[in-house]
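This report refers to the structure that appears directly beneath it.
The values are calculated or read from the model by the stated rules, or taken from the named source; none is laboratory data. Quick caveat: nothing in here was measured; it's all calculated off a predicted structure. Here the Cβ positions follow ideal geometry from the backbone for every residue, glycine too, while neighbour counts run over all protein chains shown. Heads up: the accessible areas ignore ligands, DNA and RNA and are worked out on the full protein's heavy atoms, side chains in. Shrake-Rupley method; radii C 1.70, N 1.55, O 1.52, S 1.80 Å.
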Amino acid sequence: MGKSNSSRDWTQIYAIYGMDQWQTLLFLLCHAVLFSLLSIIFVFYFDSIFHFFQTLFPSPSAARFAAGFSGAVTSISSVCLFFAAANFLYSAGPLHYEMAQRMVGSVYDWSSVKLALDIGCGRGILLNSVATQLKKTGSSGRVVGLDRSKRTTLSTLRTANVEGVGEYVTCKEGDVRSLPFEDNYFDVVVSAVFVHTVGKEYGHRTVEAAAERMRVVGEMVRVLKPGGVGVVWDLLHVPEYVRRLQELKMEDIRVSERVTAFMVSSHMVSFRKPSQHVVGPGEVRLDWRC
């Protein structure tokens, strides 16, 4: 992909795609501002706060330490909250767009792609990146965006039209744990920061949630054509996906370097479905160029 695409202005990204979970960003910013105000109060009214702590601690040195420690914790908390808000804002827009370009770039031959699938397409950043690549290669292929919400799919179609790739995009509502497609249907299957949300009603670290995520990985493999390529960028649980892909005998499994997104660890994993059944575990390669 060209440099101009991968470094697209973040204001354009937010103008077209908006932002998911803006309530989380607002929560972080409000608390960051609150702790900043408390820090200012500690600076200007330290003596009064010190006298208050003297009513709690008999020793003046202990009271001064408690007041100073409380002020330091408040200041550090405000900095951390502002940093978390900034990382969340960056991850939801510019980083998501950059990773979408990297995911598209990990598929070497788009000219032969007739059908692609984006699981959990959301606002359509990855979906439209795939459609843009199909358009650039002059392909007659199409990309299908699957999401759990019909309202989301309608919104995604609007962003595709804004990006000028509406004729390459189809959106469908469905259950990602039981994809409404036949076996061996797509040439490429992709998903960005979505699979980790499946099964969250059970709690992220429960056996039930892990089983639900593995169902999605299995469904990705099922609908992928032999020789087809799958690419997943997700948070926290990528090692689970790699183990499942090994069990399913996928080939050319590549795991990217760690990327901090939404204040946690994330990785991109790509794989290829073998043209014929292969016996034995698949090899995992750490490809820092992914």
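P239 meets all of the listed conditions (1) modelled with pLDDT of 95 or more; (2) in a helix (DSSP H, G or I) but one, namely (1).
Here the condition is being at pLDDT 95 or above and either under 16 Å from Q12 (Cα atoms) or buried (at least 22 other Cβ atoms within 10 Å of the Cβ) (or both); of L95, L89, L127, it holds for L127 alone.
One residue alone among A15, A100 is among the small types (G, A, S), open to solvent by less than 70 Å² (accessible area, probe 1.4 Å) and either under 30 Å from E257 (Cα atoms) or at pLDDT below 95 (or both), and that residue is A100.
The single residue among A72, A66 that is aliphatic (A, V, I, L, M), at pLDDT 90 or above, in the same structural domain as L28 (by the TED database) and in contact with a helix residue (DSSP H, G or I) (Cβ under 8 Å, 6 or more places away or on another chain) turns out to be A66.
Out of curiosity, is V162 in contact with a helix residue (DSSP H, G or I) (Cβ under 6 Å, 6 or more places away or on another chain), in contact (Cβ under 8 Å) with a residue 60 or more places away in the chain and open to solvent by 30 Å² or more (accessible area, probe 1.4 Å)? Judged against the criteria, V162 is a match.
Against the test of being more than 19 Å from V165 (Cβ to Cβ), outside the structural domain of V33 (by the TED database), not charged (D, E, K, R) and not in a loop (DSSP other than H, G, I, E, B), the options L95, L117, L126 yield a single qualifying residue, L95.
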